[in-house]
Amino acid sequence: MAETNPAVNPADTPAATPAGTAAPETAPEAVEKVPTVIADEVHIVYKVMAGSGGKGTAASALSRLVRRQERPTLREVHAVRGVSITAYKGDAIGLIGRNGSGKSTLLKAIAGLLPPASGSVYTSGRPSLLGVNAALMQDLTGDRNVVLGCLAMGMTPEEIEQKYDEIVDFAGVDEFIDLPMRTYSSGMAARLRFAIGSARTHDILLIDEALATGDADFRAKSEKKIKDLRDEAGTVFLVSHSLDVVTDTCNRAIWLDKGSLKMDGEAKEVVDAYLTESTRKK
Amino acid sequence: MSTSPELAGTPSPAELAEKYGLSKSSGRPELSDYLKELWGRRQFIVSYARARVYAAYAGARLGALWQVLTPLLNAAVYYLVFGLMLNAARNIENYTAFLISGIFVFTFTQRSVMEGTRSISANMSLIRTLHFPRATLPFAYVMNELSQLGISMGILAILVAVTEGVSWSWLLVFPALLLQTMFNIGLTLVCARLGAFYGDIAQVMPFVLRTWLYVSGVFFSIPAALADKPGWITQLIALNPAAAYIDIVRRAMLSSHDTHELPNAWWIAVAWALIALIGGFVYFWRAEDRYGRG
């Protein structure tokens, strides 16, 4: 792992990001920019079993074993290739790129949930992904899921008690809260999940798209909630395909293409460049 | 730390991180911090364990009644085969209670290990979206099985009360089960780490556990079976942790167990509990930063 990297770090001198590396001896700006997330040459590799690739029978497995061959269907997917980013307190950074360009994977690595194959991610405090879907269980009632989800996010029972009514109100599922979640409509379930996930404040907030689900009323509520969380949080990363959300809410944007960092700068600039590139190909 | 001359004013990412006190996001915390985090998550552990029990019986008509029925049915089958058909019950007083206590205690370990082996790999989506000390998951499974054991013990208590009567020695069941819980937690943590990185372990586990079942004196009395063999063989078999835990529970509950006691059971029980718990924890914690990887 490259711990000390005296070579030029592309993120420190990008096209348009203000170079906020703190040099105390010269301080032309009144406010020193404090980095909250530093990604250093991060590579993430998934090992996946591909679909076809020979017969999946016991006989073929045995012959492979005898001939000492690796499973032919085991493939490495290089999801993130050498990305380096420095994010500062107060930044709201949009991650844009085509499907499969590694945005969600990078986000998970920043959150510390997916260890990088090489390189490192340094953060101040604990970044949290907004989204608590995996902790909820379909067979449980809504209110038990609220408690479970909040506990999973690290809230204490006292905090949960305080926030419980607020969460249920926000989701608008009052009458159904004592029914199992498997009986909820997809909209209700999505609203409750979002309400639970946004119940606590975060220092470093990571949001992975799918905010634009639900009816118009809920979309407005959730966008406002995101803005509130953003104001309370130090730093926000937002993965989105909705480019106007990125230009509206973010001050900076990063364009990932096939796992590599293609551009890092002012939100409007990067989005425009991305749009130009995407529409030009067709 | 070196900086090349032309970039003297630009620190490397690692230097910048150190300067502002940033730490690795997927780094492994110190063991003491890890234990503190785990303690801080105790309500989540309990809540998650309870939720899983609830979800497991959600589809069944009889619901949570199966928590009681399942061990009873198991006991009935073993009694039929070993007690009646194979007549392993000769010279064991109160064979029913002897058998049932063995089954319940062994099932606690068996199910903890079996579920624990899959605990990490089955919860990948949870691990990849939320940050929490991963030992929470094996812990929750063991707690789940402990609560199941509590119910089974209740049934056993009724049975022994009816056949032999209540006794003060029953209080020894609590330290016995505490030791077994410690052992199970440690063993489950080891198996969870192995199961997380080597998928084949989950396939082999059922066979390992079944073999273990047969050598732990659940259906027969080990000293009685080895009566005509040299003494050291019995001593050796008595080192089996499962046999030790079954034995100390039987000593506590059954007044008629004296003739079939295993040597040094309490010492062996304590030793295994400490070795497993401490060793298992350290072993699991060492891979904490790698569990998210596929």
Open item on the list: For chain B, take the longest principal axis of its alpha carbons; what is the angle in degrees between that and the long axis of helix B:173-197, to the nearest 10 within 0 to 90?
Closed with: 50 degrees
TODO: Sort B:Y48, A:Y46 by accessible area with a 1.4 Å probe, largest first.
DONE: A:Y46, B:Y48
- [ ] Calculate the dipole size of the range B:104-209 relative to its Cα centre from +1 charges on Lys and Arg beta carbons and -1 charges on Asp and Glu beta carbons; express the result in debye to the nearest 20.
- [x] 360 debye
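Using a 1.4 angstrom probe on the protein heavy atoms only, line up B:H257, A:H43 by accessible area, largest first.
A:H43, B:H257
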Open item on the list: Not counting ligands, DNA or RNA, and with a 1.4 Å probe, what is A:K224's accessible surface area in Å² rounded to the nearest 10?
Closed with: 120 Å²
TODO: Treat every Asp and Glu Cβ in the protein assembly as shown as -1 and every Lys and Arg Cβ as +1, leave all other atoms uncharged, and give the resulting dipole magnitude about the Cα centre to the nearest 20 debye.
DONE: 2180 debye
Open item on the list: Accessible area of the range B:184-294 with a 1.4 Å probe: how many percent of it is carbon plus sulfur?
Closed with: 67 percent
Task: At 1.002 mPa s and 20 °C, Stokes diffusion of the range A:162-258 via Kirkwood alpha-carbon radius, µm² per second - done: 147 µm²/s
TODO: Could you please report the charge total around B:R250, scoring K, R as +1 and D, E as -1 over all other residues with beta-carbon less than 14 angstrom from its beta-carbon?
DONE: -4
- [ ] Positive end of the charge dipole of the protein assembly as shown (Lys, Arg +1 and Asp, Glu -1 on Cβ, about the Cα centre): tell me which of A:G149, A:L261, B:V204 has its Cα farthest that way.
- [x] B:V204
- [ ] Find out how many positive minus negative residues lie around A:P180, taking Lys and Arg as positive, Asp and Glu as negative, among other residues whose Cβ is under 10 Å from that of A:P180.
- [x] 0
Open item on the list: Before we go on, tell me the buried accessible area for the B/A pair, both chains summed, 1.4 Å probe, in Å² to the nearest 100.
Closed with: 4000 Å²
Task: Dipole of the range B:31-288, positive end: most advanced residue of B:I278, B:T96, B:I268 [Cβ charges, Cα centre] - done: B:I278
- [ ] With all protein chains present, calculate the accessible area of A:D91 using a 1.4 Å probe and round the result to the nearest 10 Å².
- [x] 10 Å²
Task: chain B: most fluctuating residue of B:E261, B:E37, B:E115 per GNM, C-alpha cutoff 10 Å - done: B:E37
Task: B:L159 - accessible surface, heavy atoms, 1.4 Å probe, Å² rounded to 10 - done: 50 Å²
TODO: Add +1 for every Lys or Arg and -1 for every Asp or Glu among the other residues with Cβ under 14 Å from the Cβ of A:I196, and state the total.
DONE: +1
Open item on the list: Relative contact order for chain B: what percent, with Cα pairs under 8 Å and sequence separation of 6 or more?
Closed with: 26 percent
Open item on the list: In chain B, once you exclude exposed trypsin sites (Lys or Arg not before Pro) (DSSP loop, at most 15 other Cβ within 10 angstrom), what's the longest stretch remaining?
Closed with: B:91-285
Open item on the list: With +1 on the Cβ of every Lys and Arg and -1 on the Cβ of every Asp and Glu, and nothing else charged, how large is the dipole of the range B:31-288 about its Cα centre, in debye rounded to the nearest 20?
Closed with: 720 debye
TODO: Using the charge dipole of chain B (Lys, Arg: +1 at Cβ; Asp, Glu: -1 at Cβ; taken about the Cα centre), state which of B:V77, B:A243, B:G186 has its Cα farthest towards the positive end.
DONE: B:V77
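Summing -39500 (n - 2.57) over the DSSP H runs of n ≥ 4 in the protein assembly as shown and dividing by its residue number, what mean residue ellipticity at 222 nm do you reach, to the nearest 500 deg cm²/dmol? Show your work: numbers first, answer last.
Details: 21 runs with 282 residues, N = 576.
Mean residue ellipticity, 222 nm, calculated: -15500 deg cm²/dmol.
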TODO: Can you spot the lysines whose alpha carbon is less than 21 Å from A:K225's alpha carbon? Ignore those fewer than 8 places along the same chain.
DONE: A:K89, A:K163
Open item on the list: Just to confirm, what accessible area per residue do you get for the protein assembly as shown at 1.4 Å probe, in whole Å²?
Closed with: 49 Å²
Task: Most mobile of B:Y95, B:Y57, B:Y283 in a GNM of chain B (Cα contacts under 10 Å) - done: B:Y57
- [ ] Using just the alpha carbons, could you tell me how many Å³ per residue the convex hull of the protein assembly as shown encloses?
- [x] 223 Å³
- [ ] Could you give me the percent of Cα pairs per 10 Å distance bin for chain B, shortest bin first, beginning at zero and ending with the bin that holds the maximum distance?
- [x] 6, 24, 29, 20, 10, 5, 3, 2, 0
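The values are calculated or read from the model by the stated rules, or taken from the named source; none is laboratory data. All figures in this text were calculated on a predicted structure; none of them were measured in a lab. Here Cβ is always computed from backbone atoms with ideal geometry, including for glycine, and neighbour counts include all displayed protein chains. Remember, those area values only see protein heavy atoms, side chains included, never the ligands or the DNA or RNA. Shrake-Rupley method; radii C 1.70, N 1.55, O 1.52, S 1.80 Å.
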